[in-house]
Amino acid sequence: MERILIPTDFSENAMNAIKYALELFKYEKSEFYIMHAFQDEIYADGSLLTRETLGEVTNFISERSNKLLTQTLEEVNRVSPNPRHKYLTISSNSMLIDEADKIVDEKDIDIIVMGTRGKTNDRKLTFGSHTLQILKYVQCPVLAIPENYKYQQPKHILFPTNYMIPYKRRELKLLSEMVAPYQAEINVLYISKSSKLSMRQEDNRTFILEELYRNKVNFKTVNSTNMSKTVFKQIEENDIDMLAMVNTRHSFLENILFQSVIDKLSLNIKIPFLAMQNMRR
């Protein structure tokens, strides 16, 4: 059984991510935890909030959260009355990161699915602030769905790697099982000036192949030093409909996510993006 956590702020982008997840896992017996953490909303307008009104404001936002979760659940059951799926809602007076971390641990969550942006929808950023926080700090694979992305079966997955990290078996298994029903091809891309692999790299490459045995796996080496340019060229030229990367210390993905000035993010991801975690912070 797959256990999927979907944070929501009740925006169109959040609902779009929910619908994508329902389609992606439609063949799997799954539990969906649809979660809204609303503590930020309580303190959003500091000019109106006082200690005297805190309780009243908290109750109002809590009631609204539960009401909107009920409406979301009704919409979910309408668009996906799937007997393989079980839906649960969580409304919490807490910060998004804290609640996501808690649920991941308590419910043994396999993957978090969320939109790349929420209500604030700052178009200068590839990822909204909440999505970026989840990607950076929650120790769980995250599948980020771009704004207005219309679901299509994942057939071609791009998996850039330098073969230098000890991959997690559970997360490679998740990727494999997630796309296997669609007979997807996983294109493992090594970007380097040299095609020669060290013994360590060869072992990690073998491990990838062994864990992705359910899928057709293509290995490719591209002679380049420009990572982002090469990745996007591969996406465009190979009809890629999902990008999967492993987030570890000193990885290409971490270098992007942990830039000091987020506004300068150069990526403009227009396809679903799976970030598999391989580090502790």
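Each reported figure results from applying straightforward, stated rules to the coordinates on display, with no laboratory input. Computed from a prediction, not measured in an experiment: that's the story for all the values here. Ideal geometry is used to build each Cβ from the backbone, glycine not excepted, and the neighbour counts take in all protein chains shown.
Since only Ala37, Thr72, Ile61 are under comparison, the one whose Cα sits farthest along the positive direction of the charge dipole of the stretch 2-145, derived from C-beta charges on Lys, Arg, Asp and Glu, is Thr72. Hydrodynamic analysis of the chain uses the Kirkwood radius over alpha carbon pairs. Inserted into Stokes-Einstein at 25 °C and 0.890 mPa s, it gives a translational diffusion coefficient of 124 µm²/s. Separation of the alpha carbons by more than 19 angstrom is noted, of Lys29/Lys86; Lys155/Lys220; Lys173/Lys270, for Lys173/Lys270.
Relative to the Cα centre, what is the charge dipole magnitude of the chain, using +1 at the beta carbon of each Lys and Arg, -1 at the beta carbon of each Asp and Glu, and rounding to the nearest 20 debye?
1000
For Glu147, nonlocal amide neighbours, meaning residues 5 or more places apart or on other chains whose placed amide H falls under 5 Å from its own, are Thr116, Arg117. Here the stretch 2-145 is treated as a Stokes sphere of Kirkwood radius computed over C-alpha pairs; at 37 °C and 0.692 mPa s its diffusion coefficient rounds to 209 µm²/s. Taking Cβ atoms as reference points and 14 Å as the exclusive limit, the residues near Leu209 contribute a net charge of +1, counting Lys and Arg as +1 and Asp and Glu as -1. Only Lys, Arg, Asp and Glu carry charge here, each on its Cβ (+1 for the first two, -1 for the last two); on that basis the stretch 2-145 has a dipole of about 460 debye about its Cα centre.
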